[in-house]
Amino acid sequence: MAQPTRAEVIEAELQRIIPIILVGLLIFVLGLFLVYLSTKAPWMPFLVGVLVTLAGLGVAGYGGWQYLQLNNLPSYRAVCPYCEKPTLFLAPPTEDYTCEHCHRVVAIEGGQVVPPLVLVCRHCGAPQKVSPRAKMFICDQCNGQNDLKPAAPRPGVATAPVGAPEESIEYTTYDLVLVDAGHNTEEVLDILCALLSAPRDHCRGILKELPMVILVDLPRRKADSYRRMLRDAGATAEVHPTGQYRPPAKQGM
């Protein structure tokens, strides 16, 4: 269970205290009515009305006292490393929590806030603060998706600790492969010219050398978008992690 914030504790206490105060006030009003009734009806003892009135005051007063005690709750300020605004707790947080202001998850390890990494969006170049535990992030500026993966370890090179500026993190990128142009080659040519910003004759030559990698180092979302464009035009296109596509061996070679 996530550690509750101070505001959540106060909200839960108010949900318990307010009904107590309301019940006390209702008993108090009932007692006043009984006191009034005792002056009109001989069968209603005056003392009963007084006792009920005092009981109502006692219950409402107890609820009011508990309400005042909420001001004495301890308060610990946990500053979000992303928006730099505080979230209040009763004690230092011991597990990950969600910032009340930017709603991002703040990582906690050993009772300390794990500092975020500063990475650059592949789409617009804007710097972004990213959790070291994240596998992807959405750019706050352009809403572009950036996939992350740990860099492959290199012999003789030590891995930097999580959160260190030297930590090696690279993006997962993809290559777009055009396998077959299909029957509607003119529409496919139009798409190729737009994607490659190349003249039509050059793109026509590409169609004679298929299958071929036509775009490299693309974010996953953009690669899938281009693949759908080509498939809608009747072509066959594939998406592969960068550098992993191996064209089939040509016959007669």
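The values are calculated or read from the model by the stated rules, or taken from the named source; none is laboratory data. Bear in mind that the values here come from a model prediction, so they are computed numbers and not experimental data. Note that each Cβ is placed from the backbone with ideal geometry, even for glycine, and that neighbours are counted across all protein chains shown.
Assorted remarks:
- Scanning the stretch 1-55 for residues that are without any contact (Cβ under 8 Å) to a residue 12 or more places away in the chain, more than 26 Å from W65 (Cα to Cα) and small (G, A, S) gives S38, A41.
Residues checked against (1) in contact with a helix residue (DSSP H, G or I) (Cβ under 7 Å, 6 or more places away or on another chain); (2) more than 26 Å from C102 (Cβ to Cβ); (3) hydrophobic (A, V, I, L, M, F, W, C):
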position	(1), (2), (3)
A12	no, no, yes
R16	no, yes, no
S38	yes, yes, no
M44	yes, yes, yes
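- Checking each residue in the stretch 190-237 for being among the basic types (K, R) and in a helix (DSSP H, G or I) picks out R200, R204, R220, R221, K222, R227, R228, R231.
- Residue selection: L14 fails the criterion of being over 31 Å from the mean Cα position of the chain (by Cα), farther than 18 Å from A2 by Cβ and modelled with pLDDT of 85 or more.
- Hits in the stretch 222-246 (condition: modelled with pLDDT under 85, surrounded by 14 or more Cβ atoms within 10 Å (Cβ to Cβ) and either in contact with a helix residue (DSSP H, G or I) (Cβ under 7 Å, 6 or more places away or on another chain) or among the basic types (K, R) (or both)): K222
- Filter result for the condition that a residue is under 30 Å from V216 (Cα atoms), within 31 Å of the chain's Cα centre (by Cα) and not in a helix (DSSP H, G or I), over P93, P74, P115, P132: P132
- Condition broken by A249, with the remaining ones in (1) exposed (fewer than 15 other Cβ atoms within 10 Å of the Cβ); (2) at pLDDT below 85; (3) of a type in the set (A, V, I, L, M, F, W, C); (4) within 29 Å of C121 (Cβ to Cβ) satisfied: (4)
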